[in-house]
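Quick notes on the structure that follows.
Here, each number is a calculation from the coordinates, and none is a lab measurement. All figures in this text were calculated on a predicted structure; none of them were measured in a lab. Here Cβ is always computed from backbone atoms with ideal geometry, including for glycine, and neighbour counts include all displayed protein chains.
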């Protein structure tokens, strides 16, 4: 992570002597040191303590060593830690003292988890790990046998393997997943969490070789379902550095839940033109659409199919993840360059918390003919989901419509997502979903489903005579 140079006041302890120094952030685990008052020390000198002044307080860190290096600003070199290693990025920029080795304190607790794992589950996991490694060795051997071929030949051979033995391997994964579902069907929520953690630790090298599985587990942006994961689901291709990795990536992105995600995009693209023909718009008025937790907003390219469409819609894309908004902006830019026309779009880098704590939100964001949120409610507890729904309804113009997505409790990919992908959602029944809108307004409501039967849509229409809120 690139940071601007930051100067700090610090001191080093050598025996009972305290040596004041100027320090500069150099890297996450080192500081540049400049000695004052004519002091100098040789390369490798160890100091018993480093004290750094940060945010008005002094933090005493542990033993450190000087590593001499040339520097035009007069710094003698860097100091690095000898025993306890401190995260200087967290200390200087977040004002938190974090030891690199702190995570090891949890090892006894984590090792103890296996005592609570059922023996049948351990056997299943061990057998599956063995079987997957056998498959991997065979696919890796095939890869090595055509590795020296020209790229186009190598690709053709690999695709032939994927279409034949690869499909048989994916059927094997399907069968083992059915076994897993049967094995954990009676578990409590706590047992699911405990056994899922154990499962992923055992299969970790096999899981992270697949780009999609690696991202859902590692969550580089801090949450599952980020815009990059959505892009992988929309692509539905084989990604990976080997045939085995590509198959491990492909299997989950073509599962039932993944198809439901792709169906959400199609649903919105079909809904917007129909609503525009039905709703009362003034001459030349654009239909205003708000996408909440927009992600990469790929549906816009499905809506903009003719020259006239560019004058028909005004999109507002809202997401708490700035990366997602940047990806959406790039997608819009591609549409504009390909078509030669401008898309009317605004970007809101806002969060659910902002939405809930801002009074008279419509004065800040405006009101819309159509509001849609396809994936956000899968992550919201019932109280928060109800509050967000109420806020969104206030942003809806009379005669406008809102569509909110949520996975149904019957999701056949649920065990797969929770055990393999570490992707946990809030599932709802039809009544659970309808109950979220109780007391929010007097709109007309109905529950719709996609073709998979597991993706629900709460459809709300604000009546023409509704009082503006």
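Structural descriptor for the stretch 217-271: relative contact order 27 percent, calculated from alpha carbon pairs under 8 angstrom and at least 6 residues apart. How high is the FRET efficiency from residue 283 to residue 350, r the C-beta distance, R0 45 Å, rounded to 0.05? Efficiency, rounded to the nearest 0.05: 0.90.
For the stretch 117-254, the direction-averaged projected area of the alpha-carbon convex hull comes to 9.0 nm². When you restrict to C-alpha pairs under 8 Å that are six or more residues apart and normalise by the size of the chain, the relative contact order lands at 10 percent. Overall form of the stretch 284-441: oblate. Here a/c, set by the Cα gyration tensor axes a ≥ b ≥ c, is 1.5 or more, and a/b is not larger than b/c.
What angle, in degrees between 0 and 90 and rounded to the nearest 10, separates the Cα long axis of helix 243-253 from the longest principal axis of the Cα atoms of the chain? The angle comes out near 50 degrees. For the chain, the longest principal axis of the Cα atoms and the long axis of helix 151-161 meet at an angle of about 60 degrees. For the stretch 7-106, the relative contact order is 24 percent, taking Cα pairs closer than 8 Å that sit 6 or more residues apart in sequence and dividing their mean separation by the residue count. From helices alone, the chain scores -12500 deg cm²/dmol at 222 nm; the rule is -39500 (n - 2.57) for each run of n ≥ 4 DSSP H residues, then divide by the residue total. Taking Kirkwood radius over Cα pairs in Å as calculated from this structure, the corresponding entry among [x] 25.8; [y] 22.5; [z] 26.5 is [z]. Averaged over residues, the count of other Cβ atoms within 10 Å places the peptides 229-236, 444-451 in the sequence 229-236, 444-451, highest first. The ellipsoid that matches the Cα gyration tensor of the stretch 64-132 has semi-axes, each √(5λ) in whole angstrom, of 45, 16, 11, with the longest given first. Look at the Cα gyration tensor of the stretch 7-106: its axes a ≥ b ≥ c give a/c of at least 1.5 with a/b over b/c, and that counts as prolate. Axis angle, to the nearest 10 degrees, between helix 167-184 and the longest C-alpha principal axis of the chain: 90 degrees.
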